[in-house]
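So that we are looking at the same thing, I have put the structure below in C-alpha cells.
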Amino acid sequence: MTQLIVEPMGDSALLIQFGANVNEAVHAAVQAAASCLERQAFEGFLECVPSFTTLTVYYDLEKLKRSAEHTSAFEFVRCRVEELLKDSGAMPADSRQIIEIPVCYGGEHGPDLSYVAEINGLSEEEVIRIHTGQDFLVYALGFAPGFPYLGGVPERISAPRKATPRLHIPAGSVGIAGTQTGIYPLETPGGWQIIGRTPLALFRPGDQPPVLVQSGQMIRFKAIRTADYERLGGGCR
C-alpha cells in the first residue's frame, strides 16, 4: 500500500488520505481499509466512513483512556490503524455487489433528458442506452440520507449542473452533473440534470441499514416503461 496521510479530525476522529485523485484504484483501497478496520475493531472503535479518497475513523475517547495512558488518543489510534492496514490490500473489482435500479427515463420523470441529449448531439434513446450500458461505482453517500455519488459517466452524456437549482426534486429522481450520476432519495432542492426516476426507495429509516445502497457497491440502471414504474410502486407525484 502507498504511504497514507493520517491527520486528526477533531478530538475523536482521524482522517486517512489514500490519494489525491478520484479513481477506482484509490477507492478500492479505501473500501478495503474500511472492511479491515470493521473486521478487526480496536478498543474504542466506533465506526469508519469512506468517501472518494479518504476514510474517517471515529473513536470513543472514554474507552481509550486506559489504552492510551502514555500517549494521546490520536497517536494511539493512528499507530493501531496503520498497523492493521499494513497489509489490507484492495478489494478486487469482481467482489463488488451490483444493485440493479429500474428507471423510467424522460417525460415527467426525466424533464432534462432532452437537454442532455441536445447538448451532446444525441437522441434521447442514445442517452438512455449509454446510461444503462455500464455499471457505476458508488464512491460515497452524502448530501441527503442515502444519496449515492456515482462516478464514471461517459463524457458523451455529461452535462453541467443547472445555473439555478430547482426547489423541489421528487424522491427517486436520477440526475447527471458533470461526469457523475446520482439518485435523490428524498424530495429536496437540487441542481443536477434530471433524466429519469426510480420507483425504489433509497432511504428506508425503518430498515437496518436504513439505505438501499452502500459505498463500494456498483449500480446498474435498467430502463423501464411508465406502466412498470407504477406497478413497482411509483406513479405521478
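The values are calculated or read from the model by the stated rules, or taken from the named source; none is laboratory data. From a predicted model like this one, the values you see are computed outputs, not experimental measurements. Because the Cβ atoms are built from the backbone with ideal geometry, glycine has one as well, and the counts that use them run over all protein chains shown. Note: areas computed on protein heavy atoms with side chains; ligands, DNA, RNA excluded. Shrake-Rupley method; radii C 1.70, N 1.55, O 1.52, S 1.80 Å.
Being assigned to a helix (DSSP H, G or I) and at pLDDT 90 or above is the filter here, so list the residues in segment 82-116 that pass it. Steps first, please.
Of segment 82-116, the ones assigned to a helix (DSSP H, G or I) are 82-85, 93-95, 113-116.
Hits for segment 82-116 are 113, 114, 115, 116.
Related question: Tell me which residues, restricted to segment 221-234, are of a type outside the set (Val, Ile, Thr) and either assigned to a loop (DSSP other than H, G, I, E, B) or open to solvent by 50 Å² or more (accessible area, probe 1.4 Å) (or both). Before the answer, list the steps.
So the first thing to find is which residues in segment 221-234 are of a type outside the set (Val, Ile, Thr), and the list is 221-223, 225, 227-234.
Those that are of a type outside the set (Val, Ile, Thr) and either assigned to a loop (DSSP other than H, G, I, E, B) or open to solvent by 50 Å² or more (accessible area, probe 1.4 Å) (or both): 222, 223, 225, 227, 230, 231, 232, 233, 234.
Suppose we filter segment 3-40 for residues that are of a type outside the set (S, T, N, Q), loosely packed, with under 14 Cβ neighbours inside 10 Å and out of contact with any helix residue (DSSP H, G or I) (no Cβ under 8 Å at 6 or more places or on another chain); how many remain?
Summing the residues that are of a type outside the set (S, T, N, Q), loosely packed, with under 14 Cβ neighbours inside 10 Å and out of contact with any helix residue (DSSP H, G or I) (no Cβ under 8 Å at 6 or more places or on another chain) in segment 3-40 gives 7.
For segment 119-142, give me the residue count where each residue is outside any helix (DSSP H, G or I) and crowded, with 21+ Cβ neighbours inside 10 Å. Outline the logic, then answer.
Of all residues in segment 119-142, those outside any helix (DSSP H, G or I) come to 120-123, 132-142.
Subsequent filtering for residues that are crowded, with 21+ Cβ neighbours inside 10 Å retains 136-141.
Matching residues across segment 119-142 total 6.
Also: Select from segment 182-220 the residues that are of a type in the set (A, V, I, L, M, F, W, C) and either open to solvent by 20 Å² or more (accessible area, probe 1.4 Å) or under 15 Å from the mean Cα position of the chain (by Cα) (or both) and list them in ascending order.
Scanning segment 182-220 gives 183, 186, 200, 201, 202, 203, 211, 212, 213, 218, 219.
Please enumerate the residues belonging to segment 115-146 that are hydroxyl-bearing (Ser, Thr, Tyr) and closer than 25 Å to residue 186 by Cβ.
Quick first cut of segment 115-146, residues hydroxyl-bearing (Ser, Thr, Tyr) only: 115, 123, 132, 139.
Scanning segment 115-146 gives 115, 132, 139.
Going by the structure shown, is residue 145 closer than 23 Å to residue 50 by Cβ, assigned to a loop (DSSP other than H, G, I, E, B) and either open to solvent by 20 Å² or more (accessible area, probe 1.4 Å) or in the same structural domain as residue 102 (by TED's automatic domain parsing) (or both)? Spell out the reasoning first.
On the way: closer than 23 Å to residue 50 by Cβ: yes; assigned to a loop (DSSP other than H, G, I, E, B): yes; either open to solvent by 20 Å² or more (accessible area, probe 1.4 Å) or in the same structural domain as residue 102 (by TED's automatic domain parsing) (or both): yes.
Yes; evaluated as a whole, the condition is true for this residue.
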